[in-house]
Amino acid sequence: MSDDHTSVFRITATLKDPVRYSAISEAVAITAKRFPYFSVSLGSGIFWHFLEFNDRLPRIQVEEKIPCTAFAAKRKGEPLYRVIIKGKRISVEFIHILTDGGGAMEYLKSLLYTYLTLTGTHISSPGEIILPSMPVSEEEYEDGYNRFFQKLPPPTRLVKAWHLPYKLNKRPKLRVLRAEVNVKEILEVSRNHKVSVTEYFVSVYHFSLQKIFISGKEESRREKRKVLRIEVPVNMRKIFPSRTMRNFSLFVLPEIDVRLGTYTFNEILRSVHHQLQISADVKQISRFLSSNVSPEKLFIIRIMPLFFKKMVIASVYRGLASKRWTGIVTNLGVITLPAEMEDKVDSLELIPPPPNKNVKVSCALVSYKDKLKICFCNITESHELERHILRHLSDAGIHVKILNND
């Protein structure tokens, strides 16, 4: 983590009415008691970082121009999530070591339920929302990675991926571009291609990357790294029977190898569809789980002092992990709320963690009611990738609305 690469993501709910500070303050205090495993700060020992519990409530702050800024993780007692308000918007920001999009959305739903109840909304049937009165289950605390770990052969070693050639922004680096499409329209186009919305969008992302690669300078195209690879996070709760609220996501890495030639969009669609189906299979994803957890179980790693671990991990990340993919696409899926809450909540939005200096652009999707929100996080001077993607959607008959460009 750094000031730029923060590992922080944001989920936002835009209400029909302005947010009342007194009510959201009370709702945060009530909700925090129901989610005690989020009331933690980051501590450091001789051998490991660890999460230590504290009773401090998450900070409620006014929304600033730059989202997903770094937490003061080294500050004693600093909670690893916060609530942000502005106008009609209620946002929650979490650091990824605490939870993932699935866990954060469950928290936000509960917070919205409590807030709306406090402001006079009667919710007759809350459905699966975690209510303040519900007892906390031990499963919500569990480490899903360790529970479902089994020693397996590692995944196939990956060659380094090609990266976008654009120059980085000066500080502040992060820019967010938001767009909106109709759920029915993109769903119809995806079904016509016999793929899911995620598979369709990842294919559009690949096709757009290929356009940029082909249009690049000849010397850059001669690079050995001619694999275009996208990281697609997977909610492991949909694969393994876990109710954990802690971070429990892994990722699959569909790719196209442009050393083999130029791909048509239909060729990319077929390839991405099958790669995602195979990679997200329980047996294949278990190999990634095994490779992620195995190192911490090695005796030599366990006895290694923390200061040395940090140097090794940072070196491995810079030289290996951060260079394995070209882009990131995360889809939180379709979010539903009880009817009385839907009347009060106008839209939902997910902003992914800022990308690292190699990947440069990340993208997040979430569907709510009849709209699919798309958020691009970009740390470069160019928005060419976003233009290619949104133009492709528009050319396919999907109406695209640009909401703003911060």
### Query
Among the residues of segment 261-284, which ones are free of Cβ contacts under 8 Å to residues at least 40 places away in the same chain, closer than 30 Å to Gln150 by Cα and assigned to a loop (DSSP other than H, G, I, E, B)?
Asp281
### Selection count where residues are closer than 16 Å to Cys377 by Cβ and in contact with a Leu (Cβ under 9 Å, 6 or more places away or on another chain), scope segment 52-103
8
### Close pairs (6 angstrom Cβ cut-off, 6 or more residues apart or separate chains): without any contact (Cβ under 8 Å) to a residue 40 or more places away in the chain in segment 37-58, aromatic (Phe, Trp, Tyr) and assigned to a strand (DSSP E or B) anywhere
Gly43/Phe50; Pro58/Tyr81
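Could you grab me the full set of residues in segment 137-152 that are part of a loop (DSSP other than H, G, I, E, B) and under 14 Å from Asn292 (Cβ atoms)?
Within segment 137-152, Asp143, Phe148, Phe149, Gln150, Lys151, Leu152 meet the criteria.
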### Summary
In segment 38-82, anything aliphatic (A, V, I, L, M), under 21 Å from Arg175 (Cα atoms) and in contact with a Pro (Cβ under 8 Å, 6 or more places away or on another chain) is listed as Ile66
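Of the residues Glu384, Glu342, Glu349, which single one is modelled with pLDDT of 95 or more, acidic (Asp, Glu) and within 20 Å of the chain's Cα centre (by Cα)?
On the way: Glu384 fails: within 20 Å of the chain's Cα centre (by Cα); Glu342 fails: within 20 Å of the chain's Cα centre (by Cα).
None of the other options fit; the residue is Glu349.
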### Query
When the residues of segment 355-377 are filtered to those that are more than 30 Å from Lys16 (Cβ to Cβ) and in contact with a Leu (Cβ under 7 Å, 6 or more places away or on another chain), which remaining residue is modelled with the lowest pLDDT?
Lys357
### Query
Restricting the search to segment 181-193, which residues are free of Cβ contacts under 8 Å to residues at least 40 places away in the same chain and basic (Lys, Arg)?
Arg191
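Only one of these is surrounded by 13 or more Cβ atoms within 10 Å (Cβ to Cβ) and not assigned by TED's automatic domain parsing to the domain that holds Lys357: Phe94, Phe50. Name it. Show your work before the answer.
Numbers: Phe50 fails: surrounded by 13 or more Cβ atoms within 10 Å (Cβ to Cβ).
Phe94 is the lone residue from the list that is surrounded by 13 or more Cβ atoms within 10 Å (Cβ to Cβ) and not assigned by TED's automatic domain parsing to the domain that holds Lys357.
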### Task
Examine segment 219-233 for a residue that is assigned to a helix (DSSP H, G or I) and modelled with pLDDT of 95 or more, and state whether such a residue exists.
no
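Sort out which residues of segment 240-260 are in a loop (DSSP other than H, G, I, E, B) and closer than 29 Å to Ser41 by Cα, and write them in order of number. Don't jump to the end; show me each part of the working.
Start the filter on segment 240-260 by keeping residues that are in a loop (DSSP other than H, G, I, E, B), which leaves 240-248, 253-254.
Hits for segment 240-260 are Phe240, Pro241, Ser242, Arg243, Thr244, Met245, Arg246, Asn247, Phe248.
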### Query
How many residues does segment 1-35 hold that are outside any loop (DSSP other than H, G, I, E, B) and exposed (fewer than 14 other Cβ atoms within 10 Å of the Cβ)?
4
### Message
Considering only segment 44-53, I want to know if a residue exists there that is at pLDDT below 95, under 24 Å from Leu250 (Cα atoms) and within 17 Å of the chain's Cα centre (by Cα).
### Response
no
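The values are calculated or read from the model by the stated rules, or taken from the named source; none is laboratory data. Given the structure is predicted, the values throughout are model-derived calculations rather than measurements. A quick note on method: Cβ atoms are made from the backbone with ideal geometry, for glycine too, and the neighbour counts reach across all protein chains shown.
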